[in-house]
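For reference, the structure is listed below as structure tokens.
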Amino acid sequence: MVQKARPKKTSASQRREESLSREQIVEASIELLDKSGEGGLTFRTLSERLATGPGAIYWHITNKSDLLTAACDTIIARTMTASLASVTTGATPQATIRLLALAMFDAIDAHPWVGSALTRSPGQSPMLRIVEQIGQQLRVLGVPKKEHWVTASALLNYILGVAGRNAANGQLARTQGLDRSEFLEAVSTAWSQLDAEEYPFTRSLAGQLRTHNDRKDFLGGIDLILRGIGAAHRG
């Protein structure tokens, strides 16, 4: 099969390519996503921010989906690199998993759009980076190969699910003009007023909900999973 030759670049397109890199486009996209969410990221707004034409962007990026994946991958790569660089010598795999998980929690909290971007690119680089780093630690833990999938999935689903929900709650509170304490107070009050016979357990959690710490609770869940992995392996 004869492969078509790529169209020759004009001097104008060459200048645009040289003056605008893929990295610059991705960084500008991250700024727009952080400021306005996915709805605020369009090729028009990106062109305006970069003071260039859409053609210069399309030279590097195929479409918005490609752009979101590239932006997400940049955030995940930075998060993984920084986390692994902070791992102390002799750290246990459990400690490393906790570190990676908390770094992901904080990254999604800082960039709420990352959570949804990850769910739409399960087989692409951003998700693969997370799976690989968690998986390497599960190997060190001695998790049998036949249990790699279910164990990695449990951790991954917990991390992305809780971190994504936390970010969504934060966004909801901001849209309602509430800070975290006001938001929790409102929900806690509503729970405390539930019917005692129909919702006895949920009602009993109202006080804990009011004062809970999101990051601490998140790590508590990670520890529960890790203890379960250890118990199953010992068994």
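The values are calculated or read from the model by the stated rules, or taken from the named source; none is laboratory data. Note that this is a predicted model, so its numbers are computed, not measured. Quick reminder, even Gly has a Cβ in these numbers, built from the backbone with ideal geometry, and neighbours come from all protein chains shown. Protein only, heavy atoms only, side chains kept; ligands, DNA and RNA dropped before computing areas. Shrake-Rupley method; radii C 1.70, N 1.55, O 1.52, S 1.80 Å.
Here are the numbers for the structure shown:
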item	result
Residue in segment 169-196 that is nearest to residue 209 (Cα to Cα), counting only those that are β-branched (Val, Ile, Thr) and modelled with pLDDT of 85 or more	187
Residue count for segment 15-35, restricted to those that are under 14 Å from residue 68 (Cβ atoms) and at pLDDT below 90	0
Filtered residue count, segment 72-91, keeping only those that are surrounded by fewer than 14 Cβ atoms within 10 Å (Cβ to Cβ) and not aliphatic (A, V, I, L, M)	6
Test set (1) within 29 Å of residue 100 (Cβ to Cβ); (2) under 22 Å from the mean Cα position of the chain (by Cα); (3) not charged (D, E, K, R) - residue 184 fails condition number	(2)
Residues that are closer than 16 Å to residue 33 by Cα and buried (at least 22 other Cβ atoms within 10 Å of the Cβ), drawn from segment 116-127	117, 118
Of residues in segment 45-71 being charged (D, E, K, R) and open to solvent by 50 Å² or more (accessible area, probe 1.4 Å), the one nearest to the chain's Cα centre (by Cα)	64
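Residues checked against (1) in contact (Cβ under 8 Å) with a residue 40 or more places away in the chain; (2) not in a loop (DSSP other than H, G, I, E, B):
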{"residue": "52", "(1), (2)": "no, no"}
{"residue": "56", "(1), (2)": "yes, yes"}
{"residue": "66", "(1), (2)": "no, yes"}
{"residue": "76", "(1), (2)": "yes, yes"}
{"residue": "79", "(1), (2)": "no, yes"}
{"residue": "84", "(1), (2)": "yes, yes"}
{"residue": "91", "(1), (2)": "no, no"}
{"residue": "99", "(1), (2)": "no, yes"}
